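Here's the structure, in structure tokens; my notes come after.
The values are calculated or read from the model by the stated rules, or taken from the named source; none is laboratory data. Please read all numbers here as calculations on a predicted model, not as lab measurements. Every residue, glycine among them, receives a Cβ derived from its backbone with ideal geometry; neighbour counts consider all protein chains shown.
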Amino acid sequence: MAGHRYGGPWSEIKVAAVEYYLQCYTAALTPKAMELWYFDAFAGSGDREEERQTGGLLDGKPYETIIETTDGSARKALKIDPPFKHYVFMETDGVRLNALTELKVTYPSKDIRIHPGDANEELAKVVSQQPWTRKAKSFHRGVVFLDPFSLQVEWKTLKALAATEALDVWYLFPIRDVTRQLAHKISGIGPKAKRLDLVLGPEWRELYTMPPTPTTTQLDIFGSAPPDELARVGQWRDIEAWFKRRLEGEFAYVSDPVPILKSKGRQTFSLFLGVGNRKEAATRLAKHFSSHVRKNFAVE
């Protein structure tokens, strides 16, 4: 089996948090005769692999590292009851795609669709077709899970998902990697600007302040200050808050992020929920469910 190798308990939290929401989501919308979709844009193989230490003095055995295989987000979604009606799994790796295809054999009664290819491109194709172009007039609703390894999700993808007004999006935003790319001075960005434009949109430049009034010797022949004097505003929490405001400009509702901690208690990701449906009843329900997710899974 080509399971994804993950780094520890932190990776279980993100999957468990989304699983909890999916359970609430289908329980609430199934009685309303909605046709429900689940999209896993970075589905992997459907399984997760974790290293675990066993043995030691208390067990009377030598220390040993074992690898445990557990359900990944795709398999967990398939086990949600009431179920979704359609499942769309996206992946680029050939071996993992084969493993995902095996899920059709394991769950022959479920409508499982495998999309090989880049998540941004595949999602763009999906939302450009029916039923997602009908927006809230349709009886189709769905949840999208964006669980990238790093800076793979593009801003235009988030905008397109929000524009459907029918999809809830759980996005594992790579706050640590984004902060690393945003150098303290704009002069340190260099070629990374192209990737930042894709991930954040060109508005990331808002995070840099105007420089202090320069001395005469610092002005060029046109009387302008050199652009490399622009410095970044704030630290990672300020960047996280700025990104939340960006999401709020696209989605009807955006949750406070669930912090996902990795090594040494450092926050690596921020798990956001963005709700596309602008009906008050939909946003009220999403707020209720997401508040429970944060209460149960946030570790500050």
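Summary table
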quantity: Within segment 257-290, tally of residues that are at pLDDT 90 or above, surrounded by fewer than 16 Cβ atoms within 10 Å (Cβ to Cβ) and either out of contact with any Phe, Trp or Tyr (no Cβ under 7 Å at 6 or more places or on another chain) or not charged (D, E, K, R) (or both); calculated: 6
quantity: Scope segment 231-241; condition part of a helix (DSSP H, G or I) and buried (at least 17 other Cβ atoms within 10 Å of the Cβ); matching residues; calculated: 239, 240
quantity: Unmet criterion (only one of (1) modelled with pLDDT of 95 or more; (2) within 19 Å of residue 175 (Cα to Cα)) for residue 251; calculated: (2)
quantity: Subset tally (residues that are in contact with a helix residue (DSSP H, G or I) (Cβ under 7 Å, 6 or more places away or on another chain) and not in a loop (DSSP other than H, G, I, E, B)) for segment 260-289; calculated: 13
quantity: Residue check, residue 176 among the charged types (D, E, K, R) and outside the structural domain of residue 252 (by TED's automatic domain parsing); calculated: no
quantity: Residues (of a type outside the set (Ser, Thr, Tyr), free of Cβ contacts under 8 Å to residues at least 60 places away in the same chain and either surrounded by fewer than 16 Cβ atoms within 10 Å (Cβ to Cβ) or touching a Lys or Arg at 6+ places or on another chain (Cβ under 9 Å) (or both)) located in segment 85-107; calculated: 85, 86, 88, 89, 94, 102, 103, 104, 105
